[in-house]
Amino acid sequence: MSRYQQADSEATATLIARLSPQIFQFFLAQVRDRSLAEDLLQDFWLRVHKARHTYRASEPLLPWVFAIARRTKVDQYRRTRNIKSHEFQVEELPETVARAPEQKRTLALTELLRTLPAAQRETIWLLKVSGLSLEEVARATGSSVGAVKQRAHRAYEKLRKVFGERT
Amino acid sequence: MNDEELRRLLTQGPEIPPGEQRLAEIRDRLTSRLTPVHALPSNPVLIAFALAGFALICLLGTMYGGQKGWHALNLAQGIIYFGVFLLLAVLFAIAMVDQLIPGTRRRIRPGWLMGGGALLLVALAPVLFERFDVNRFVARGIHCLEFGTVCAAVGGVLSFFLIRRGFLISPLQAAALTGCFAGLAGVTALGLVCPQLNAPHILVWHFGTIAIGTAAGALIGLVMEWRASQKEN
């Protein structure tokens, strides 16, 4: 990251290659649309580029990165909401989502997380899938460690209940 | 499914990678516009800048309006009144600087700070100032509100130069905090200038500056949020 700040193109390419998969999965879990998740990833990197001077080498990288990713997602949500409020559907569209076999595990995971409210889903994803610590999730989401713990606990309770009903 | 299976499913993670073509596109866009940047100064330096702006507003205010307010207060009133302003200015500066850097530890929650600060000031005025005279309330007060608002506006402009150096994750919160901080600078300048030690006057016409600053900041923040959600990169 420090080399990216010093305009090292090789370091920039490495950073993009290393971080993109994780960020992409984060977006995919929220929007469940591959093309939109890729658009978000691109938007996210442009924001990272604008914000790169705000990163300090003494601070952890992942909360900084996920805070920007979260903001990108929020802006996309608002943009979509604005567009939807100005649109009306002229005819019924057919369901065209074909699920590729390699997506099965992701779908199981996103199906599982879909039962949760957005804030809990995001917390569980950051904690369990992206592997951030409680402190890092608190930093990324701009909340306290206590609030993160509470959200994670509630999410876990709900997931247990959902699986209790299904099995 | 038991807890362990649930935990395993969550930690396994998905396996869909982003498209190679899209990654190449991102890489090309970013590397084509690479220029070296300096990292932001440390938080204490940024807080010191914010507080220097605060002090400058007070100084300019007294240069223009005099120091009758300061001389009208007794020592205990002066220490408590301006001590509270100074304490709030430091807390607001810390909260404001926290907004500049994504993923930073939030040491002070902005909502709590604004709510707590408002309650403290509302409780402080009747305790410190025992006169409750409302004679020529509007005629005497409107000039104070004007003066405080002008000072707050200058403070807001100075603070804007600071916050534009950062990357705002929550423009609404950041702008409201900045407006509140600027309003506080205006109130402090008013406290030094205005000799009317009258609780209703101070509550409405002095502290009204903070309300105006916060509202203006929140409005600017809303516009910033709206613009960010409209922008397509």
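The values are calculated or read from the model by the stated rules, or taken from the named source; none is laboratory data. Only a predicted model underlies this, so the values are computations on that prediction, with no experimental measurement involved. As a convention, Cβ positions derive from the backbone with ideal geometry for all residues, glycine included, and neighbour counts pool all protein chains shown.
Quick look at the values:
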{"quantity": "Any hit, region A:103-116, residues being at pLDDT 80 or above, out of contact with any Ser or Thr (no Cβ under 8 Å at 6 or more places or on another chain) and closer than 21 Å to residue B:170 by Cα", "calculated": "no"}
{"quantity": "Residue within region A:128-142 that is part of a helix (DSSP H, G or I), more than 20 Å from residue B:109 (Cα to Cα) and at pLDDT 55 or above present", "calculated": "yes"}
{"quantity": "Number of positions in region A:6-20 that are at the interface with another protein chain (Cβ under 7 Å from one of its Cβ atoms), assigned to a helix (DSSP H, G or I) and either crowded, with 19+ Cβ neighbours inside 10 Å or out of contact with any helix residue (DSSP H, G or I) (no Cβ under 8 Å at 6 or more places or on another chain) (or both)", "calculated": "3"}
{"quantity": "Residue within region A:53-61 that is more than 7 Å from chain B (Cβ to nearest Cβ), without any contact (Cβ under 8 Å) to a residue 40 or more places away in the chain and either of a type outside the set (Asp, Glu) or over 20 Å from residue B:104 (Cβ atoms) (or both) present", "calculated": "yes"}
{"quantity": "Single unsatisfied condition, residue A:57 versus (1) modelled with pLDDT of 85 or more; (2) over 30 Å from residue B:45 (Cα atoms)", "calculated": "(2)"}
{"quantity": "Qualifying residue in region A:70-77 (condition: within 9 Å of another protein chain (Cβ to nearest Cβ), crowded, with 20+ Cβ neighbours inside 10 Å and in contact with a Phe, Trp or Tyr (Cβ under 8 Å, 6 or more places away or on another chain))", "calculated": "no"}
{"quantity": "Matching option when the condition is aliphatic (A, V, I, L, M), assigned to a helix (DSSP H, G or I) and in contact (Cβ under 8 Å) with a residue 40 or more places away in the chain, among B:119, B:124", "calculated": "B:124"}
{"quantity": "Condition check for residue A:80: in a helix (DSSP H, G or I) and over 16 Å from residue B:168 (Cα atoms)", "calculated": "yes"}
{"quantity": "Meets criteria (surrounded by fewer than 16 Cβ atoms within 10 Å (Cβ to Cβ) and within 14 Å of chain A (Cβ to nearest Cβ)) for residue B:111", "calculated": "yes"}
{"quantity": "Yes/no for residue A:50 being closer than 18 Å to residue B:170 by Cβ, basic (Lys, Arg) and more than 9 Å from chain B (Cβ to nearest Cβ)", "calculated": "no"}
{"quantity": "Hits in region A:21-42 - residues which are buried (at least 21 other Cβ atoms within 10 Å of the Cβ) and within 7 Å of another protein chain (Cβ to nearest Cβ)", "calculated": "A:24, A:25, A:28, A:38, A:41"}
{"quantity": "Subset tally (residues that are surrounded by fewer than 20 Cβ atoms within 10 Å (Cβ to Cβ) and in contact with a Leu (Cβ under 6 Å, 6 or more places away or on another chain)) for region B:132-162", "calculated": "0"}
